[in-house]
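The structure appears below as structure tokens.
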Amino acid sequence: MNLPRTENLVTRQFVKNVLDFSSQYGREQSGSYTVANVRGCPTNYPKYGDFLESCVLRTYGKWWNDMSYSPAIDASIAKPFFISQDFIEVEFEEKVMIESVVIYENYNPGAVVALYALDYAKTSNKWIQIWSIFDNLNIKSIKNGLNRPLPRQESRKFRPNLTKKDVFSNVVRIELEHGKLDYYTELDAIEIVGYAFNLTLSKELGTNLRNVGDEFFSEKIFSEKISEIRSESENKNENEAVQLVSNKPVSLTDLPNELLTSIIKLLDLRHIFLLRSTCRKFYQLCSDRDLFNKLDLKPFWSQSNETLLATFCNIVCDFKALNLSWSKIEFSHIVKKFLSSLIKIYIK
């Protein structure tokens, strides 16, 4: 198969439309300091400074989190690696296999902490995280994410090393955290670099790759099976000796329920649901209503929907606090069902 030259497939695009955002400093009528200013090519880069034509969000520093109306839910379970305060969703002209995202920062850089892309190659058009500030940390923790070192006070083209590059999309989401900034961050433009997607070529290439993959995994599985048989033969006597010492293997489920519940509370929501699907005992322990009566779904905005709420409705009948910020959930009858018990609810 004759493939076209790779360099002819590479495209560079700037933002065509802004689809959604959490906040902006300016008013739509004025056009100054609005999110819409991120559209098109850079206007002021590489100049550094405060420009009316820049995209500016609502806050900087620690004062926003210190305000009494800032959402804060003291959940019973662990928090995920999530520190985002604002987001911008932008659209580009052409769908591509995204190779890199370039963000033109022209004032107080360093606020970008996560990137997502809406993957159209999947049947469900799923949001995929393609980079996070936590990918750059030796020790992943929320504290280290908030205390990350900031770049020098100069304009820059921020091109993070994407951890996932097989996403076919023209919609990108940028999330920001401003806690350590001395003043507002300003964005001049956003660019994506990717490979044009030829459907006929991709099907032929995909078939060939799948055949190669099948052969590779068949050989790999076969060799692993041979190694496993040899290992079992060599260690047969040793295993028999171990069985003489103890015929009953130690299992995690043998631990007391109180201890297992304490361990479960160290997990975030995603990992609790994964654990919940492993066996009957963990299904019961991970369905404890006290784990979910104070629930912050903002970090899981891309997975939050009516189906997820219905699942919680079956587990918890008396929610005390619920954060649905950034989710696309309508104020449906499922949410209304919780209103009698809710003390706090955030749905912005």
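The values are calculated or read from the model by the stated rules, or taken from the named source; none is laboratory data. Keep in mind the model is a prediction, meaning the values are calculated, not measured. Glycine gets a Cβ as well: all are built from the backbone with ideal geometry, and neighbour counts include every protein chain shown. Surface areas here come from the heavy atoms of the whole protein model, side chains and all, with no ligands, DNA or RNA. Shrake-Rupley method; radii C 1.70, N 1.55, O 1.52, S 1.80 Å.
Annotations
- Label-to-label distance, nm, for residues given as Lys328 and Lys79 (7 Å Cα→Cβ offset): 2.7
- Zone of Leu252's modelled label, taken as backbone nitrogen in the range 275-289 under 15 Å from a point 7 Å along Cα→Cβ: 275-287
- Remark: the range 126-132, residue by residue, has Karplus-estimated 3J(HN,Hα) of 8, 6, 10, 6, 9, 6, 9 Hz, where x stands for each Gly or Pro and the curve is 6.51 cos²θ - 1.76 cosθ + 1.60 at θ = phi - 60°.
- Net charge in the neighbourhood of Asp188 (other residues with Cβ under 10 Å of its Cβ; Lys, Arg +1, Asp, Glu -1) is -1.
- Most to least packed among 109-120, 126-137 [average Cβ atoms within 10 Å]: 109-120, 126-137
- With every protein chain in place, the range 81-155: carbon and sulfur % of accessible area (1.4 Å): 46
- Within-10-Å neighbourhood charge of Ser325 [Cβ basis; K, R +1; D, E -1]: +1
- With a cut-off of 15 Å between beta carbons, the residues surrounding Thr59 carry a summed charge of -2, where Lys and Arg count +1 and Asp and Glu -1.
- Difference of contour (0.36 nm per residue) and Cα-Cα distance, Arg159 to Gln29: 43.6 nm
- Accessible area per residue in Å² at 1.4 Å probe, computed on the range 71-193: 41
- Segment Asn138-Asp166, length gained on full extension (0.36 nm per residue, minus Cα span): 7.6 nm
- For peptides 31-40, 292-301, sequence by mean Cβ density within 10 Å, most packed first: 292-301, 31-40
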